[in-house]
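> I have a structure here, written as structure tokens, and I will follow up with some questions on it.
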2 protein chains.
Amino acid sequence: MTADLMIGTDLAAEMVAKAAERAKALQEKYGVQPCLATVLVGDDPASATYVRMKQNRSKKAGIGSRSVVMPAETTTDELVAEIRKLSEDPEVHGILLQHPVPAQIDERAAFEAIDPGKDVDGVTMLSFAAMAFGDPGFRSATPGGIMRLLEAYDVPLEGAHAVVIGRSPILGKPAGMLLLASNATVTYAHSRTRDLPELVRTADVVIAAVGKANFVRGDWLKPGAVVVDAGYNEGNVGDVHFEEASQVARLITPVPGGVGPMTIALLLEQTVDAAEAQLG
Amino acid sequence: MTADLMIGTDLAAEMVAKAAERAKALQEKYGVQPCLATVLVGDDPASATYVRMKQNRSKKAGIGSRSVVMPAETTTDELVAEIRKLSEDPEVHGILLQHPVPAQIDERAAFEAIDPGKDVDGVTMLSFAAMAFGDPGFRSATPGGIMRLLEAYDVPLEGAHAVVIGRSPILGKPAGMLLLASNATVTYAHSRTRDLPELVRTADVVIAAVGKANFVRGDWLKPGAVVVDAGYNEGNVGDVHFEEASQVARLITPVPGGVGPMTIALLLEQTVDAAEAQLG
């Protein structure tokens, strides 16, 4: 094992501690606790776990949470109406719709029902465009968390070749746009990419965001590459074959303990940002 | 010279003829002529020429135009107010703000004052996100025109490596997103990219959108590459060194006569789309 670890746990704890201080200051100044509304549709146990984890962390940070749970057979209209209500509710400062939603729902329509000022998970079209254009705004939580991790570990991005594997609207696409805004040369790779291993071998920074266990292999990596594993598959396994990759990479995120805590920390930080903007 | 030319002229003329038929049908059905408002700020002669050209083509297509010309010292607030008026005017179906605007103006704020339903030049954040997410919506005129040209010339995009040189919000960035939606592997290159020639040599499709005359050289190209020149520099010169590149490429756009006519054709087509949606 040659790679150093990029660990998110301590850094995330610091971020959450700072958010907690700011939440306390808001409470003292306005008598209002920042509040994150979580919306969970259906009974996927993993999603339920994620939401519970986010609520627990919120509580520790002095952020209140409003929990909305809707049945698996919820329609798009019902979900949109519920999210609109939260968007209009002055007691709610941030809204998180847990991804994925059941297949009959138009997830984009649901995301777009989130007031842009409460989009603390960075999922709306406006938030995406702001990330792409380098404008201020809420970052998608996982890509934004990844950027904070790369900054904390002083990973040079300017002129570096970053290969993002995966192109989902809330993970791969915004991750690439944020890297581009940091002046990396960015390649989007995906299921139709030809000779993915050869392409990945040209990368200084690899972002794995495919949702397939142990997908990225050690011999796909350039020696000394920086590897960020945004995957989280059954059995606590990432998208990168960790044992192989850590023989070749210079820096690598473990799963769990790498990207995951940063995602939640950024969500909470952005919830406090939203509350400050709405109360101030 | 080995490359075949990808010529936009005839294809654009066909698109405009179809748009003209649809404009005529709208006139007959509703007694209303589709109307494109053009907004020109300042006295840059090239911008004035572009706007005039777009108005002339509109006229030939049976699309009315409303011309707004504002002085070079216009403020952001003044421009935003003018564009808001056009956004609210039921007689205006599409709005084009000629890029670039004078330096003191916040161009993004001006673009965002365009009603999304009238954004026929595809410059708003919502239009950008729709392109990125593969949703229906107005395409940025030049990238959208490039895609139509690539389709017309049967350029295979799925799995192809497309290198986009340039990352502006209305050209390079949306071009990359549209290529990604067509399942190309997409690399964004720019001024900070290291060893650009070597990177470009890995491209099956090259989109040059840098605004530097003769910037992309022949020996940067993979033999058989498809080269799209979206540049238009002083003296009718593109971003690609045409003589060198046409010795190596399989297909290449001439400047002028390649991308330019497609840009205007898409603008007119989208103006009729907008009028249909607003009148229907």
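The values are calculated or read from the model by the stated rules, or taken from the named source; none is laboratory data. Since this is a predicted model, take the numbers as computed values, not measurements. Glycine gets a Cβ as well: all are built from the backbone with ideal geometry, and neighbour counts include every protein chain shown. The area values use the complete protein model at the heavy-atom level, side chains included, leaving out ligands, DNA and RNA. Shrake-Rupley method; radii C 1.70, N 1.55, O 1.52, S 1.80 Å.
> If you take each beta carbon of peptide A:55-63 and count the beta carbons of other chains within 10 angstrom, what is the mean?
Mean shielding count: 0.
> As a check on your grasp of the helix formula, calculate [θ] at 222 nm for chain B: sum -39500 (n - 2.57) over DSSP H runs of n ≥ 4, divide by the residue count, round to the nearest 500.
Here the helix-only value at 222 nm equals -13000 deg cm²/dmol.
> I'd like the Karplus ³J(HN,Hα) series for the range B:13-27: coefficients 6.51, -1.76, 1.60, θ = phi - 60°, whole numbers in Hz, and an x wherever there's a Gly or Pro.
Result, ordered by residue: 4, 4, 4, 5, 4, 5, 4, 5, 4, 5, 5, 5, 4, 5, 4 Hz.
> How much FRET efficiency would the formula 1/(1 + (r/R0)^6) give for residue B:247 and residue B:43, where r is the Cβ-Cβ distance and R0 is 35 Å, rounded to 0.05?
Details: r = 40 Å, r/R0 = 1.15.
Calculated transfer efficiency: 0.30.
> Sticking with this structure for a sec: Using R₀ = 51 Å, calculate the FRET efficiency as 1/(1 + (r/R₀)^6) where r is the Cβ-Cβ separation of residue A:103 and residue A:14; round to 0.05.
Rounded to the nearest 0.05, the efficiency is 0.85.
> Using a 1.4 angstrom probe and counting only protein chains, how large is the accessible area of residue A:63 in Å², to 10?
Counting only protein heavy atoms, the figure is 0 Å².
> Using each residue's phi in the range A:209-225, evaluate 6.51 cos²θ - 1.76 cosθ + 1.60 at θ = phi - 60° and report the 3J(HN,Hα) Karplus result to the nearest Hz, with x for Gly and Pro.
9, 10, x, 10, 4, 6, 6, 8, 9, x, 7, 8, 9, 6, x, x, 5
> Please give the helix B:172-181 orientation as an angle from the longest Cα principal axis of chain B, in degrees from 0 to 90, rounded to the nearest 10.
With both axes taken from Cα atoms, the answer is about 80 degrees.
> Local charge sum around residue B:250 (other residues, Cβ-Cβ under 11 Å, Lys/Arg +1, Asp/Glu -1)?
-1
> Still on this structure, I have one more. Averaged over peptide A:121-133, how many Cβ atoms belonging to another chain are found within 10 Å of each residue's Cβ?
The per-residue average across the peptide is 5.
> What's the magnitude of the charge dipole for the range A:1-154 around its Cα centre, counting Lys and Arg as +1 and Asp and Glu as -1 at the beta-carbon? Answer in Debye, nearest 20.
600 debye
> Only Lys, Arg, Asp and Glu count, each charged at its Cβ (+1, +1, -1, -1), so figure out the dipole size of the protein assembly as shown about its Cα centre, rounded to 20 debye.
Taking the Cα centre of the protein assembly as shown as origin, the dipole is about 280 debye.
> Quick one: order B:262, B:125 from most to least accessible surface, probe 1.4 Å.
Reading off the accessible areas and sorting them downward yields B:125, B:262.
> What relative contact order, as a whole-number percentage, does chain A give when Cα pairs under 8 Å and 6 or more residues apart are counted?
23 percent.
> Also, I was wondering about something else. Just need the relative contact order of the range A:141-259 here, percent rounded to a whole number, with Cα pairs under 8 Å and 6+ apart.
22 percent
> Right, here's the next one. Is the C-alpha gyration tensor of the range B:141-259 telling us rounded, prolate or oblate? Criteria: a/c under 1.5 is rounded; beyond that, a/b larger than b/c is prolate, otherwise oblate.
Verdict is rounded for the range B:141-259.
> Can you give me the long-range amide H partners of residue B:233? Hydrogens built in the peptide plane at 1.01 Å from N, cutoff under 5 Å, separation of 5 or more residues or another chain.
Those lying under 5 Å, H to H, from residue B:233 are B:238.
> Return a whole-number percent for the relative contact order of the range A:24-150, with Cα pairs under 8 Å and 6 or more residues apart as the contact set.
Once normalised by length, the contact order is 23 percent.
> Please go through the residue pairs B:18/B:54; B:18/B:60; B:60/B:85; A:85/B:118 and name each one whose alpha carbons sit more than 19 Å apart in this structure.
Over 19 Å apart, Cα to Cα: B:60/B:85; A:85/B:118.
> How many angstrom lie between the Cα centre of the range B:133-175 and the Cα centre of the range A:84-147?
Result: 26 Å between the Cα centres.
> Could you tell me the total accessible area buried at the A-B interface, probe 1.4 Å, in square angstrom to the nearest hundred?
2700 Å²
> I'd like the mean, over residues of B:17-24, of how many other protein chain beta carbons sit within 10 Å of each residue's own Cβ.
Mean number of neighbouring Cβ atoms from other chains: 0.
> On the accessible surface of the range B:31-115, probed at 1.4 Å, how many percent belong to carbon and sulfur atoms? Let's see the in-between values first.
Values: 2100 of 4100 Å².
It is 51 percent, rounded to a whole number.
> Here is a follow-up. Run the Debye formula on the Cα coordinates of the range A:30-118, all scatterers equal and no solvent, and tell me log10 I(q)/I(0) at q = 0.15, 0.21, 0.26 1/Å.
Scattering profile of the range A:30-118, log10 relative to I(0): -0.53, -1.00, -1.37.
> How tilted is helix A:259-279 with respect to the longest principal axis of chain A? Cα atoms for both, answer in degrees (0 to 90, nearest 10).
Its long axis makes an angle of about 40 degrees.
> Across all directions of projection, what mean area in square nanometres is found for the Cα convex hull of the protein assembly as shown?
Result: 25.9 nm².
> Right, here's the next one. For B:119, B:273, give the ranking by accessible area with the largest first, probe 1.4 Å.
Largest to smallest exposure gives the sequence B:273, B:119.
> Measure out, as a whole number of angstrom, how far apart the alpha-carbon centroids of the range B:1-23 and the range A:182-259 sit.
43 Å
> So if I restrict to the alpha-carbon atoms in chain B, what is the Rg, and what is Dmax, the biggest pairwise distance, in Å?
Reported Rg and Dmax, both Å: 18.6, 57.
> Compute the helix-to-body angle for A:45-60: its Cα long axis versus the longest principal axis of chain A, expressed 0 to 90° and rounded to tens.
With rounding to tens, the tilt is 70 degrees.
> Amide H to amide H under 5 Å from residue B:70: which residues, 5+ apart in sequence or cross-chain, H placed 1.01 Å off N in plane?
Here the answer is B:40, B:41, B:42, since their amide H atoms fall under 5 Å of that of residue B:70.
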